[in-house]
1. Return only the number of the condition from (1) under 20 Å from THR475 (Cβ atoms); (2) free of Cβ contacts under 8 Å to residues at least 40 places away in the same chain that GLY414 does not satisfy.
2. Name the residues in segment 220-234 that are under 30 Å from ALA161 (Cβ atoms) and in contact with a Pro (Cβ under 6 Å, 6 or more places away or on another chain), would you?
3. Please work out if SER460 is farther than 21 Å from PHE494 by Cα and not in a strand (DSSP E or B).
4. Going through segment 198-215 one residue at a time, which ones are free of Cβ contacts under 8 Å to residues at least 60 places away in the same chain and under 23 Å from the mean Cα position of the chain (by Cα)?
5. Can you give me the ranges of the strands (runs of 3 or more DSSP E) entirely in segment 86-137 with at least 2 residues that are touching a residue at least 12 places away in the same chain (Cβ under 8 Å) and among the hydrophobic types (A, V, I, L, M, F, W, C)?
6. Filter segment 222-242 for residues that are among the hydrophobic types (A, V, I, L, M, F, W, C) and either in contact with a His (Cβ under 9 Å, 6 or more places away or on another chain) or not assigned by TED's automatic domain parsing to the domain that holds LEU282 (or both) and give the result.
7. Can you go through ALA132, ALA218, ALA213 and tell me which one is modelled with pLDDT of 95 or more and surrounded by fewer than 21 Cβ atoms within 10 Å (Cβ to Cβ)?
8. Which one is surrounded by the most Cβ atoms within 10 Å (Cβ to Cβ) among residues in segment 179-200 that are of a type outside the set (A, V, I, L, M) and in a strand (DSSP E or B)?
Amino acid sequence: MRFSALLALPLLASSVAAQFPPLPSVALTPRAAPRAAWTATVSAGTTATGSTFRADGASAASNDTLFVFGGCLNNNTSTTVNDLWGFNAVTGSYTQLHDGVVTLAPHARGRAAGAWNPNSQRFVVFGGDNRATGPLPADTLLNDIWEYDPVSNTWTDVTPAGGSAPSPRRWAAMSFDPSTGGMLVFGGDLGGGTPSDETWLFIGGSWFQLSPANVPPARRFASMMYRPDFNDVLLCGGDDAVNFAPDAYRHLDVWVWAGSNWTLISSYDWSTQTGTFPASVLANKAVYDPLRKRVVMQGGQGVAAGTANNTTYIYGTSTYNGSPTNYTSEFDCVTNTWTIYANPITGAAPYNNNDPAIGRISRYYADFIPATGKIYKSGGQDPARSGSRPTYNVYEYQATQMGDATAYGSGCTGPGGPLTLTSDGAPWTGRIWQGTCSNLGAGSTALVIWGFSTSSLPLSSILPGFGQPGCLLLTSLDLTLGPVPSTAGTVGVFLPISNSASLAGAQLNGQVLEINAPTTGLWTSNALTLTIGAM
């Protein structure tokens with residue numbers, strides 16, 4: 001039933017395409033400090049070697065290193081390579097880790113999928129194509145799978161000798177799957193632009209094709225990433241240039257895999273023109289930033305004017321064009337919505353603006369590096385640069401003002417135990433910060449105290465007869481909220497923060513005061529100093 005429905009979609013799309021308007025004009029938010037912005041990592045240098053001169057390959061990051069494997073040389077040419085480079089974000093240095101010649105290594109290729117396995121601490125590469133390099137016929141599709149061990153600096157071919165396996169493909173999406181500890185693969189180009197909607201799992205040295213009840217539409221060029229704080233895998237972007245030919249279907253949806261099924265969490269509704277969407281969905285790589293809980297997708301290919309007319313499925317030629325664009329699309333994993341960012345724009349074609357920081361980038365290598373808390377991008381294509389190459393090997397992306405919640409002082413012991421106030425995440429502009437106070441007594445209510453300065457006053461000296469010995473007021477009394485009833489000994493603490501860059505870096509101190517009527521007393525928790533980050 002699912003396949004027959006998909007086969008009917010191209011006919012349906014062709015018949016109704018003219019009834020749907022193009023996407024609304026882009027609403028840009030400045031991509032500038034203190035919120036997240038791109039800066040060049042000059043220490044990486046501009047040399048004749050390294051990943052500056054390549055694009056469209058596989059990448060992933062360990063705790064401190066961005067691994068860059070293979071790809072197509074220069075301006076995405078037909079020449080592919082199989083050497084491996086590592087950019088250490090802590091030292092800011094690029095090193096060729098493996099030359100791909102002296103010892104065993106994957107065949108030269110571009111358009112491969114890559115991901116990091118945090119369990120095995122290995123870089124995994126799957127599929128791709130050889131373009132015109134080596135003994136294989138030109139553009140041979142591949143389906144082998146390899147693992148790189150940074151400790152021993154060796155590649156291992158882990159392709160199963162028999163059994164089922166994904167057919168050869170390029171531009172597939174791959175991610176670590178926390179539910180199984182294996183590597184999840186979705187979609188890809190099976191040849192001639194034909195997209196796949198298959199879901200595969202590689203675990204224990206074997207492939208298993210999964211059959212989820214919900215299946216994202218077939219696509220290639222999609223991005224897939226592991227979200228450790230959500231304990232799931234997110235899929236976004238990609239296109240379908242075959243099932244909807246002669247038009248190109250740009251997928252504006254976002255899906256989540258939580259172990260057994262795909263769930264759609266965001267999509268643009270063409271019939272009502274509601275929802276949010278990214279600026280481009282292919283020839284880029286979406287990266288998850290766990291600090292801001294956002295997916296970052298830089299640049300990528302727009303749709304060139306005159307090549308497609310189906311405004312139901314493509315971006316309009318006046319706003320989202322460009323090959324590639326300079327836009328930064330971010331998906332907020334708290335609200336499940338997209339926002340499009342860019343530096344100040346000039347001219348009639350904003351997507352074509354040659355951004356002074358990041359340029360117009362596509363087909364690059366990127367990932368988030370925990371050791372520095374930043375996203376890094378290497379290589380790719382930039383049509384404004386000589387040979388369509390970026391100026392620097394590496395760019396980094398993060399807010400200059402990060403959110404932070406720091407505990408200070410100690411809570412006193414009330415009817416339910418020691419009062420403890422913890423933060424459930426860093427405070428950011430445009431978000432609702434949330435904390436939790438635990439160990440309240442049965443029937444207690446909470447009063448939340450906010451102040452602009454710290455304090456250390458005995459509660460008994462302020463409220464004699466009610467404030468309990470050893471309980472301190474740790475913040476000034478500038479604002480109080482409540483009382484809030486506790487549930488099972490806990491209470492949620494919330495602080496809505498305006499989406500204003502002027503609040504970035506502002507500090508506020510919070511504490512919880514427990515009120516317990518049966519025992520007629522007041523107790524205090526520890527306190528938190530919130531520093532607001534610029535989202």
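1. Just one mismatch for GLY414, condition (2).
2. Scanning segment 220-234 gives a single hit, ARG220.
3. On the way: farther than 21 Å from PHE494 by Cα: yes; not in a strand (DSSP E or B): yes.
Considered against the rule, which asks whether it is farther than 21 Å from PHE494 by Cα and not in a strand (DSSP E or B), SER460 comes out as yes.
4. Correct list: GLU198, TRP200, LEU201, ASN214.
5. Details: elements: 93-98, 113-117, 122-129.
Ranges flagged: 113-117, 122-129.
6. To start, the set of residues in segment 222-242 that are among the hydrophobic types (A, V, I, L, M, F, W, C) comprises 222, 224-225, 230, 233-236, 241-242.
Answer for segment 222-242, where residues must be among the hydrophobic types (A, V, I, L, M, F, W, C) and either in contact with a His (Cβ under 9 Å, 6 or more places away or on another chain) or not assigned by TED's automatic domain parsing to the domain that holds LEU282 (or both): ALA222, CYS236.
7. Values: ALA132 fails: modelled with pLDDT of 95 or more; ALA218 fails: surrounded by fewer than 21 Cβ atoms within 10 Å (Cβ to Cβ).
So the residue among ALA132, ALA218, ALA213 that is modelled with pLDDT of 95 or more and surrounded by fewer than 21 Cβ atoms within 10 Å (Cβ to Cβ) is ALA213.
8. Let us first name the residues in segment 179-200 that are of a type outside the set (A, V, I, L, M), namely 179-182, 186-189, 191-200.
Narrowing further to those that are in a strand (DSSP E or B): 182, 186, 189, 195-196, 199-200.
Working: GLY182: 20, PHE186: 28, ASP189: 24, PRO195: 25, SER196: 20, THR199: 21, TRP200: 22.
Within segment 179-200, the match that is surrounded by the most Cβ atoms within 10 Å (Cβ to Cβ) is PHE186.
The values are calculated or read from the model by the stated rules, or taken from the named source; none is laboratory data. Just so we're clear, the structure is a prediction, and the values are computed from it rather than from any experiment. We place every Cβ from the backbone using ideal geometry, glycine too, and count neighbours over all the protein chains shown.
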